[in-house]
Amino acid sequence: MTGSGLPMRFSKSNGEIIDVYQQETHLVDEVFFSHPKAIEGLIERATGPEEFYGAFGTHFDFHNRFAPMVIEIARKRQVPMVSAKQMLEWQDARSHSNVEAVQWNGEGLQFSISANERAEGLLTAMIPMEAKGLRLTALKRGNTHVAFGITTIKGIEYAL
């Protein structure tokens with residue numbers, strides 16, 4: 001476990017990454033059924049100023065009202081819930097999408113993005129607004145200007 005809160009790939013003993021993931025089960029009904037405030041706290045720290053983002057796994061035995069409770073908390077906080085299959089499909093799509101041909105000439109940055117077709121509409125490219133004392137002023141696709149939003153994540157401004 002890495003403590004990242006995200007599904008992580010396993011590796012062989014020689015360090016080669018293999019296409020098998022481990023997703024920790026963070027929210028287990030036997031532990032958290034009587035502690036909804038703890039679940040709300042986890043979500044608040046992920047969506048609040050701490051920005052402890054993650055994919056937090058759950059375990060439901062369906063012998064109590066834990067599943068509806070977690071679903072209600074997620075809905076109230078507008079946090080999506082996905083199945084393990086959906087998470088795996090997204091992870092695979094993300095893993096098969098790339099930023100390539102990165103070139104910096106001292107004044108401008110060029111790159112290409114190849115997004116896996118399964119990732120359509122599910123990924124956002126992030127570019128730091130500042131690097132090497134320069135600030136991003138424009139973004140183009142070919143010769144066409146592209147509008148971008150700016151957001152701050154963990155104290156760093158990014159163009160999205």
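Is the stretch 90-107 home to any residue that is within 26 Å of P49 (Cα to Cα) and aromatic (F, W, Y)?
The answer is yes; a qualifying residue exists.
Condition test on L134, is it in contact (Cβ under 8 Å) with a residue 24 or more places away in the chain, under 24 Å from R45 (Cβ atoms) and surrounded by 10 or more Cβ atoms within 10 Å (Cβ to Cβ)?
Against the criterion (in contact (Cβ under 8 Å) with a residue 24 or more places away in the chain, under 24 Å from R45 (Cβ atoms) and surrounded by 10 or more Cβ atoms within 10 Å (Cβ to Cβ)), L134 does not qualify.
Conditions: (1) in a helix (DSSP H, G or I); (2) outside the structural domain of I17 (by TED's automatic domain parsing); (3) at pLDDT 90 or above. T152 meets all but one. Number of the miss?
With respect to (1) in a helix (DSSP H, G or I); (2) outside the structural domain of I17 (by TED's automatic domain parsing); (3) at pLDDT 90 or above, T152 is out only on (1).
Consider A125 carefully, then state whether it is surrounded by 14 or more Cβ atoms within 10 Å (Cβ to Cβ), within 14 Å of the chain's Cα centre (by Cα) and farther than 20 Å from M8 by Cβ.
Yes; evaluated as a whole, the condition is true for this residue.
When you scan the stretch 12-103 for strands (runs of 3 or more DSSP E) that lie fully inside it, which ones turn up with 1 or more residues that are exposed (fewer than 11 other Cβ atoms within 10 Å of the Cβ) and not polar (S, T, N, Q)?
Qualifying strands (runs of 3 or more DSSP E): 17-22.
With E50, E40, E30 as the choices, which residue is closer than 30 Å to G155 by Cα, in contact (Cβ under 8 Å) with a residue 24 or more places away in the chain and acidic (D, E)?
Criteria check complete, one pass: E40.
The values are calculated or read from the model by the stated rules, or taken from the named source; none is laboratory data. Just so it is clear, the structure is predicted and the values come from calculations on it, not from any experiment. Using ideal geometry, Cβ is built from the backbone for each residue, glycine included, and neighbour counts are taken over all protein chains shown.
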